[in-house]
Amino acid sequence: MEDCAGVSPPLLPPSTPLVLARSSVAGQPWRVGLRWVWGALALALLAVGCGGSAAGPVAVNPAMQPLPPPADGDPAAEGAPYLAMLASRLAPEWRHFLDDCRLRLPAEHPLNDLRLEATASAVVDRAGAISSVELTSSGNGDFDGAVREVMSAVGPLPPPPAWLLSDDDKLRLTWRFARDQRQAGAAGASVQWLEEPAPQVVDRRLAAGDIEGAARRVARLPEADPALREQARRVLLAAVVEGFAGQGQVQREAVMAVRRAGLRELAPLLVPLSQAAEPGLREQAAAALAELAAPATAPVLLELLAAAREPALAAALARALATIGMAPAAEAAVIRLSGGDRAAQLAAMSALAELPVSTALAAQITRWSTSRDPLLRGALCTAVARAKVQATVRWDLLGRGMGDRDGSARAACTAALALLTAKPLPWMRFALQRSIEDRDQRVRAAALTSMLRWDPARLRDRLRALAADGDAQVRAATVPGLASHGDLATLRGLLSDTDVQVRRTAAQALVLVEEAAVREVAMRDPDARVRLVALEGRADPSAVLKVLANDEVAEVRTEVEVLRVAHRGESLQSGLLRMAGTGGSTVERVRISLAWLLAT
């Protein structure tokens with residue numbers, strides 16, 4: 001028998017039946033091949049042992065030209081990256097089959113009809129397993145069989161992204177298999193959606209911690225759908241809650257979001273953070289609890305007040321407790337604080353201004369009035385200026401304080417006049433004019449602030465000179481007066497002051513009247529407190545947003561996001577998709593959620 005090596009299979013006549021089979025080589029991916037069944041001709045070849053009567057090598061039919069690569073898919077199509085990845089697996093397998101048809105079958109064979117086209121509809125689970133394939137037939141059984149073989153050969157697929165899953169948590173794909181140059185490229189593939197009622201899908205996905213999937217499902221709701229805003233809020237709240245499980249800046253952003261958006265229902269999440277080891281986070285959470293004043297957190301508010309050592313926080317806590325009807329309990333906590341060290345007493349004084357002044361608190365005020373500590377004497381003036389005490393007690397303490405021998409106490413009592421809701425006594429207003437010449441710059445600044453509150457006309461001719469005072473506190477105190485008198489030139493000069501507080505107050509006053517010019521200066525200031533002023537105002541903030549979008553300070557970036565949502569006209573659906581695209585529990589996800597909670 002002669003050696004059969006090198007003998008090519010002949011072209012098959014168009015009527016020859018084909019049997020499709022999968023073959024593989026070790027280490028190679030599955031490929032689709034054709035097993036040729038020759039019938040009697042094949043038996044004859046075996047009988048003669050590949051002798052001289054066998055057919056010789058057959059040339060490739062020149063009428064069948066190689067196909068160009070299939071077109072890429074639309075990069076903007078839903079799931080384009082995933083479809084492109086699948087195409088890199090499917091297209092070569094299908095091309096293998098088409099090459100066999102081109103090289104081994106005559107041009108007139110039914111499988112070389114360039115009009116052949118079949119569409120596979122596949123259902124894929126989260127793990128990438130193909131659970132079912134349905135075919136829109138090409139009309140040719142062999143062609144359809146090759147499609148099924150390819151789909152079987154490439155499985156299982158890479159796990160699909162969660163956001164491509166339909167509402168039943170399965171991916172639905174359609175994939176075109178063509179005999180012409182379209183072949184099995186990504187251009188003929190698409191993701192299909194099976195939709196269930198949005199609320200139950202959001203329920204299921206949020207329960208599974210799939211915030212991204214829930215956001216993408218809600219984003220598919222039309223603008224007119226009444227469920228859009230309700231379901232969007234649920235997703236945004238879930239993103240904020242997720243932030244509490246993070247660390248560092250993510251937690252701080254979550255606390256800020258709860259406070260800024262007034263999310264009382266999330267107040268209990270602040271409780272553990274109010275006991276955090278990090279002082280900044282602990283104080284931020286406590287301040288947020290106080291601002292929200294949620295009745296459910298009342299016991300914690302009391303504990304925080306009893307341990308308060310920061311005056312502003314103590315005042316906020318006392319105010320919150322009074323708001324929810326727990327003023328007597330807050331008063332008891334303040335009385336206990338008043339027996340503590342200096343920090344505790346300063347906190348107690350600040351808190352008493354938020355509470356009805358009982359006999360016990362009045363007695364404590366009397367004891368404080370004889371203190372030898374100038375800080376306590378000054379703080380007492382600040383407290384009684386706002387507290388509901390008898391007028392005679394208030395005027396007596398403020399009058400004595402304005403003449404205190406200590407500069408810090410004298411300054412605090414002088415500044416306290418600006419906090420009054422009723423005009424100071426005539427002699428006090430006269431004394432303010434002398435205080436502007438005080439040797440202590442703190443007193444001068446305080447007198448200026450109080451005079452601008454009660455007697456601004458007397459200062460009109462002196463403001464420009466005071467704006468050049470050697471002390472920054474005095475210069476900053478002139479800003480409200482300069483603004484009320486329209487002295488824009490002097491205010492512009494203060495924008496370049498060496499002191500950040502002066503620059504900030506000047507920018508805040510000017511941004512309302514010279515917005516564009518002030519923004520241009522403020523957004524490039526080295527201090528974040530001034531840069532934040534650039535985000536105020538009413539004009540189009542596009543230029544500011546562009547400059548500050550990547551600011552080094554987190555608070556600035558948060559305000560940029562809030563302003564972007566408020567002014568850019570972005571749709572809620574687009575915002576949800578942007579939030580979903582940020583990945584896991586991130587600062588950016590919480591920021592976007594806050595911005596939309598404020599906007600909706």
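The values are calculated or read from the model by the stated rules, or taken from the named source; none is laboratory data. Predicted model, so just to flag it, every value in this text is computed and none were measured. Note: ideal-geometry Cβ built from the backbone for every residue, glycine included; neighbour counts use all protein chains shown.
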- Could you look through the range 512-534, keep only residues that are in contact with a helix residue (DSSP H, G or I) (Cβ under 8 Å, 6 or more places away or on another chain) and not in a helix (DSSP H, G or I), and pick out the one that is farthest from L545 (Cα to Cα)? V513
- With (1) crowded, with 16+ Cβ neighbours inside 10 Å; (2) over 22 Å from L597 (Cβ atoms) as the list, and A312 as the residue in question, which single condition is left unmet? (1)
- Query: Being closer than 17 Å to A178 by Cα, in a helix (DSSP H, G or I), at pLDDT below 95 and not aliphatic (A, V, I, L, M), is that true of even one residue in the range 115-135?
  - Reply: no
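Condition check ((1) more than 16 Å from the chain's Cα centre (by Cα); (2) small (G, A, S)) across all residues:
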site	(1), (2)
L535	yes, no
P541	yes, no
E559	no, no
G569	yes, yes
G575	no, yes
A580	no, yes
I592	no, no
- Note on the structure: A careful count of residues in the range 424-441 that are among the basic types (K, R) and under 18 Å from G481 (Cβ atoms) gives 1
- Looking at A293, A288, A315, which one is closer than 17 Å to V357 by Cβ and at pLDDT 95 or above? A315
- Candidates R524, R568, R591, R578 - the one that is over 30 Å from P226 (Cα atoms) and either of a type outside the set (F, W, Y) or touching a residue at least 12 places away in the same chain (Cβ under 8 Å) (or both): R524
- Of all residues in the range 171-195, count the ones that are buried (at least 17 other Cβ atoms within 10 Å of the Cβ) and at negative phi. 16
- Task: Being under 18 Å from T382 (Cα atoms) and surrounded by fewer than 17 Cβ atoms within 10 Å (Cβ to Cβ) is the filter; apply it to the range 424-453 and report the residue that is farthest from the chain's Cα centre (by Cα).
- Result: L425
- Message: Just to be sure I understand the filter: pairs with C-beta atoms under 7 Å, separated by 6 or more residues or on different chains, first member in the range 457-469 and under 13 Å from S484 (Cβ atoms) and in contact (Cβ under 8 Å) with a residue 12 or more places away in the chain, second member among the charged types (D, E, K, R) and not in a helix (DSSP H, G or I). Which pairs pass?
- Response: L463/D487
- Message: Going through G537, G583, G575 one at a time, which residue ends up being exposed (fewer than 14 other Cβ atoms within 10 Å of the Cβ) and more than 22 Å from G280 (Cα to Cα)?
- Response: G583
- Task: Could you check how many residues of the range 389-409 are hydrophobic (A, V, I, L, M, F, W, C) and outside any helix (DSSP H, G or I)?
- Result: 1
- Reported set for the range 410-423 where residues are under 45 Å from the mean Cα position of the chain (by Cα) and assigned to a helix (DSSP H, G or I) is A411, A412, C413, T414, A415, A416, L417, A418, L419
- Is it true that some residue in the range 379-388 is in a loop (DSSP other than H, G, I, E, B), without any contact (Cβ under 8 Å) to a residue 60 or more places away in the chain and closer than 24 Å to D469 by Cα? no
